[in-house]
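**Student:** Pasting a structure below so you can have a look.
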Amino acid sequence: MMETVLSTREVTKIYELEDQVITAVDHVSLDLFRGEFVALVGPSGSGKTSMLAMIAGLLTPTGGEICLDGEEVGQMRESKRTRVRREKIGFTFQAHNLVNYLTALENVELMLRLNSRYDKDGQARSIELLTRLGLEDRLHNLPTQLSGGQRQRVAIARSLIHEPQLVLADEPTANLDTALAHQVVETFSELVHEQNRAGIMVTHDLRMVLYCDRVIEMEDGRLKHVLSDRAQIEQLAGNDPVRNAETVKLLK
Ligand SMILES: Nc1ncnc2c1ncn2[C@@H]1O[C@H](COP(=O)(O)OP(=O)(O)O)[C@@H](O)[C@H]1O
Ligand SMILES: [Mg+2]
């Protein structure tokens, strides 16, 4: 039996500006199952970040429902939403704000402290996770002493350490070179699968869909295609190493 971690129903986000109304997300319904790592792709402006932010409980939907682990989070009171977000969701966003006066290790441990789960075992797991992401020599460095790619990997470790039901990542490879991008996303995918979590990764780099079980494409705020056939995903990932999601049409 596939266990549903997340289901969204007709989720919509409308931004009302002074002279303009923008429908960023337009009636999107999707289900995500435990043990699944999904790629969310689509051109810039197609609504990926807005969708992810609503799922993360950082943005209130204009309409529709978002159900996480059996609870409706979309319209939840802010205080409760904060708790659900902290316990059940891990995220790394493009502007991955690490705490600047804490070391790499302390930044990861912070998620455990916030959930009152910090202990010797938690510390050992934090070190193990950072080591797996290739940061064993950077545990005690401050974010300002790390490269963009290293900071990104600390953010990934931080998003996973408290064993959330759902892990969300917005362009986690934006600052990484090709080899490192592959390594990081592969490890990310392994961790999601090993820990039997559910994950959504927004990416511009179609090569990264190789590590995903499903590919969801958005266009103009709507779900356009969903790809789950392994051969098709591999074809999409391998098609043309330099083109990006701006220009691609998913295989039909
Ligand atoms: N805070 C905001 N206020 C107004 N419009 C926004 C805001 N955030 C995003 N948008 C608009 O919503 C649409 C979707 O944006 P976004 O969710 O960032 O897409 P993506 O991540 O796919 O690039 C775009 O047209 C964008 O300009
Ligand atoms: Mg975005």
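**Student:** Name the residue, out of Thr131, Thr203, Thr173, that is within 16 Å of ligand 1 (Cβ to nearest atom) and free of Cβ contacts under 8 Å to residues at least 40 places away in the same chain. Steps first, answer last, please.
**Tutor:** Details: Thr131 fails: within 16 Å of ligand 1 (Cβ to nearest atom); Thr203 fails: free of Cβ contacts under 8 Å to residues at least 40 places away in the same chain.
After applying the criteria, what remains is Thr173.
**Student:** Let me ask another. Name the residues in region 195-214 that are modelled with pLDDT of 95 or more, away from ligand 2 (no atom under 15 Å from the Cβ), under 17 Å from Asp170 (Cβ atoms) and touching a Lys or Arg at 6+ places or on another chain (Cβ under 9 Å), would you?
**Tutor:** Result: Ala198, single match.
**Student:** Looking only at residues in region 46-76 that are polar (S, T, N, Q) and within 16 Å of ligand 1 (Cβ to nearest atom), which one is farthest from Glu186 (Cα to Cα)?
**Tutor:** It comes out as Thr62.
**Student:** Tell me, please, whether a residue that is over 29 Å from Lys120 (Cβ atoms), surrounded by fewer than 24 Cβ atoms within 10 Å (Cβ to Cβ) and in contact (Cβ under 8 Å) with a residue 60 or more places away in the chain can be found in region 182-194.
**Tutor:** No, every residue in region 182-194 fails to be over 29 Å from Lys120 (Cβ atoms), surrounded by fewer than 24 Cβ atoms within 10 Å (Cβ to Cβ) and in contact (Cβ under 8 Å) with a residue 60 or more places away in the chain.
**Student:** Here's something else I'd like to know. Looking at this structure, is Gly149 touching a Leu at 6+ places or on another chain (Cβ under 6 Å), surrounded by fewer than 20 Cβ atoms within 10 Å (Cβ to Cβ) and within 27 Å of Ala181 (Cβ to Cβ)?
**Tutor:** So Gly149 passes the test.
For every residue, the table says whether it meets (1) surrounded by 15 or more Cβ atoms within 10 Å (Cβ to Cβ); (2) more than 15 Å from ligand 1 (Cβ to nearest atom); (3) more than 24 Å from Pro172 (Cα to Cα).
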| site | (1), (2), (3) |
| --- | --- |
| Glu3 | no, yes, yes |
| Leu6 | yes, yes, no |
| Thr12 | yes, no, yes |
| Ser44 | no, no, no |
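**Student:** Take the residues in region 16-35 that are surrounded by 12 or more Cβ atoms within 10 Å (Cβ to Cβ) and of a type outside the set (A, V, I, L, M, F, W, C), then tell me which one is nearest to Leu227 (Cα to Cα).
**Tutor:** Filtering region 16-35 for residues that are surrounded by 12 or more Cβ atoms within 10 Å (Cβ to Cβ) and of a type outside the set (A, V, I, L, M, F, W, C), the one nearest to Leu227 (Cα to Cα) comes out as Asp31.
**Student:** Something else now. Based on what the data block shows, is Ser50 polar (S, T, N, Q) and assigned to a helix (DSSP H, G or I)?
**Tutor:** Yes, satisfied.
**Student:** Report, by residue number, each residue of region 59-91 that is in contact with a helix residue (DSSP H, G or I) (Cβ under 8 Å, 6 or more places away or on another chain) and surrounded by fewer than 17 Cβ atoms within 10 Å (Cβ to Cβ).
**Tutor:** Those that are in contact with a helix residue (DSSP H, G or I) (Cβ under 8 Å, 6 or more places away or on another chain) and surrounded by fewer than 17 Cβ atoms within 10 Å (Cβ to Cβ): Thr60, Glu71, Arg86.
**Student:** I'd like the full set of residues that are within 16 Å of ligand 2 (Cβ to nearest atom) and hydroxyl-bearing (Ser, Thr, Tyr), limited to region 24-56.
**Tutor:** Ser44, Ser46, Thr49, Ser50
**Student:** While we're here: When you go through Arg77, Arg113, Arg151, Arg85 one by one, which is the residue that is touching a Gly at 6+ places or on another chain (Cβ under 8 Å) and basic (Lys, Arg)? Steps first, please.
**Tutor:** On the way: Arg77 fails: touching a Gly at 6+ places or on another chain (Cβ under 8 Å); Arg113 fails: touching a Gly at 6+ places or on another chain (Cβ under 8 Å); Arg151 fails: touching a Gly at 6+ places or on another chain (Cβ under 8 Å).
Result: Arg85 is the single residue among Arg77, Arg113, Arg151, Arg85 that is touching a Gly at 6+ places or on another chain (Cβ under 8 Å) and basic (Lys, Arg).
**Student:** Please find, within region 176-188, the residue that is farthest from ligand 1 (Cβ to nearest atom) out of those that are assigned to a helix (DSSP H, G or I) and out of contact with any Leu (no Cβ under 9 Å at 6 or more places or on another chain).
**Tutor:** So the residue we want is Ala179.
The values are calculated or read from the model by the stated rules, or taken from the named source; none is laboratory data. Keep in mind it's a predicted model, so treat the numbers as computed, not measured. No Cβ is skipped: glycine too gets one built from the backbone with ideal geometry, and neighbour counts run over all protein chains shown.
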